[in-house]
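**Q** Here it is, the structure, as structure tokens.
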Amino acid sequence: MVKIYKVTMRADIVTIFPGFFRGPLEHGITRRACEMGLAQIKIHDLREFTHDRHRTVDDRPFGGGEGMVLKPEPLFECLESLALAAREDRAARRVRQSVVLLSAQGARLNQALAAELAALDRLVLICGRYEGVDERVADFIADREVSIGDYVLSGGEIAAAVIIEAVTRLLPGALGNEASARQESFTAHEVVAASGPDSTCGSGGLLDYPHYTRPADFRGMKVPEVLISGNHDEIRRWRRERALKKTLRNRPDLLQSVPLSAEDTRTLRRLKETEQDS
Ligand code: ADE
């Protein structure tokens, strides 16, 4: 049976490197979501909104200092050409639109924010560049600033591609098996809560448990016995323990906000003790 989904999101990306997005948009789920009409993604070349011979998009910063700053005029003109709802209406969430400025000074992207953006009808991503963007863009046209992590990139293009990927895969119908979006790490707690913290469906805000496939013995590296046992209760317990172990090792901060069962707490105590011993 062919399922029909309506166009759920239009995304506009504003950049001085329009060619950059050819790769990210032409592969995988993003491509499929566009082909299925779930997403429509338009790239806007900022230089097309300049009026001088050199198509200048940047200038020196007032007050001195290193580097160049993206000028406000092309960005304002580009955004005006997109016919968005008024900023007050966007801020008050009277319309499902958001203008996001990608910058290292932004709020950090996480799965909850990706889900919030995936619920919009219209998402605009402005790729910052050089040492900065004239602050009037953040003050008067963007609804929020978003960073993809605590490191500095030369511009927002990679960050925009990350957001597009994180968001499009959440659009209803984008993943062949919708359950797989739910089962992964960083899924919102409420989704997991619906299936219970002990359920095999989802790691409940923990990092994901390890996955294995055939062959069961690869060059002497064996798949954990329990996964071949067929004992689903044991498998569920093993997966939960391994998710806890990986989270404890790689992202202990997540353990502060994850609902833990009494069994989880016991497991964590044991894992911490064995970690100390090793
Ligand atoms: N531009 C420069 N660094 C960035 C970051 N970490 N996230 C988003 N945009 C950026």
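All of the numbers you see were taken from the coordinates with simple rules; none came from a lab. Quick caveat, the model's predicted, so the values are computed rather than measured. We place every Cβ from the backbone using ideal geometry, glycine too, and count neighbours over all the protein chains shown.
**Q** What is the magnitude of the charge dipole of the chain about its Cα centre, with +1 placed on the Cβ of each Lys and Arg, -1 on the Cβ of each Asp and Glu, and no other charges, expressed in debye to the nearest 20? Intermediate values should be presented prior to the final figure.
**A** Values: 40 positive and 41 negative charges, 188 e Å.
Its charge dipole is roughly 900 debye.
**Q** Quick check: residue separation of M68 and H51 times 0.36 nm, minus the Cα distance between them. What number comes out in nm?
**A** Values: separation 17, 0.36 × 17 = 6.12 nm, distance 1.86 nm.
That pair, M68 and H51, stretches by 4.3 nm at full extension.
**Q** Quick query: amide H of A104 versus all other amide H atoms, modeled in the peptide plane; which residues come in under 5 Å with a sequence gap of 5 or more or a different chain?
**A** Placed amide hydrogens put nothing under 5 Å from A104.
**Q** Further question on the same structure: Modelled label-to-label distance, R96 and F76, 7 Å Cα→beta-carbon offset: nm?
**A** Taking the simple label geometry, R96 and F76 are separated by 3.2 nm.
**Q** Still on this structure: List the residues, sorted by chain then number, that are 5 or more residues from I43 or on another chain and whose placed amide H is less than 5 Å from its amide H.
**A** Hits under the 5 Å cutoff: I13.
**Q** Roughly speaking, what is the stretch gain from F17 to D253, that is 0.36 nm per residue apart minus the C-alpha to C-alpha distance, in nm to one decimal?
**A** Numbers: separation 236, 0.36 × 236 = 84.96 nm, distance 3.61 nm.
Contour length minus Cα-Cα distance gives 81.3 nm.
**Q** Quick one: angle between helix 157-168 and the longest Cα principal axis of the chain, in degrees between 0 and 90, rounded to 10, please.
**A** Helix 157-168 and the main axis of the chain meet at about 60 degrees.
**Q** Sequence gap at least 6, Cα distance under 8 Å: using those rules, report the relative contact order of the chain to the nearest whole percent. Walk me through the numbers on the way to the answer.
**A** On the way: 418 pairs, mean separation 44.7, N = 278.
After rounding, I find 16 percent.
**Q** D150 versus A104, label points 7 Å from Cα toward the beta carbon: distance in nm?
**A** 1.4
**Q** Let me ask another. Length gain on complete extension for the stretch D143 to R236, per 0.36 nm per residue less the alpha carbon to alpha carbon distance?
**A** Values: separation 93, 0.36 × 93 = 33.48 nm, distance 4.22 nm.
Result for the pair: 29.3 nm of gain on full extension.
**Q** Same structure, new question: Taking the Cα-to-Cβ direction at E273 and at D59 and moving 7 Å from each Cα, how far apart do the two end points lie in nm?
**A** So the two model labels end up 6.7 nm from each other.
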